[in-house]
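The values are calculated or read from the model by the stated rules, or taken from the named source; none is laboratory data. The shown structure was predicted, so the numbers you read here are calculated from the model rather than taken from an experiment. A quick note on method: Cβ atoms are made from the backbone with ideal geometry, for glycine too, and the neighbour counts reach across all protein chains shown. Surface accessibility is based on the protein's heavy atoms, side chains included, excluding ligands, DNA and RNA. Shrake-Rupley method; radii C 1.70, N 1.55, O 1.52, S 1.80 Å.
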Amino acid sequence: MHFGSGQLIRQTLMHAKPWQRYLIGVVTLVGGVVLVLIGHIAGGLLAVAGLLLLWRMARYRLRRSSSISGTAD
């Protein structure tokens, strides 16, 4: 059995579909921003984690689409 939120999030992301990963990233980012706005400084780490997840997903998507379009010529 896994303990801690890091293990839970890792397992969730491994089995999630791409649209679910985007949703997790947005919810994490918004949740972190809300926590910072109400005074929880650690919410900044949560927001950064959501932003990092979205950035990695977008970078992967752009790299994949450019490699697919490059081979079609």
Using the structure shown, decide if Gln20 is open to solvent by less than 70 Å² (accessible area, probe 1.4 Å) and at pLDDT below 90. no
What pairs come up if the first residue lies in segment 22-34 and is closer than 14 Å to Ile9 by Cβ, the second is at pLDDT below 95 and of a type in the set (Phe, Trp, Tyr), and their beta carbons are under 9 Å apart, counting only those six or more places apart or on different chains? Gly25/Trp55
Taking the residues in segment 27-58 that are β-branched (Val, Ile, Thr) and closer than 17 Å to Gly6 by Cα as candidates, determine which candidate is surrounded by the most Cβ atoms within 10 Å (Cβ to Cβ). Thr28
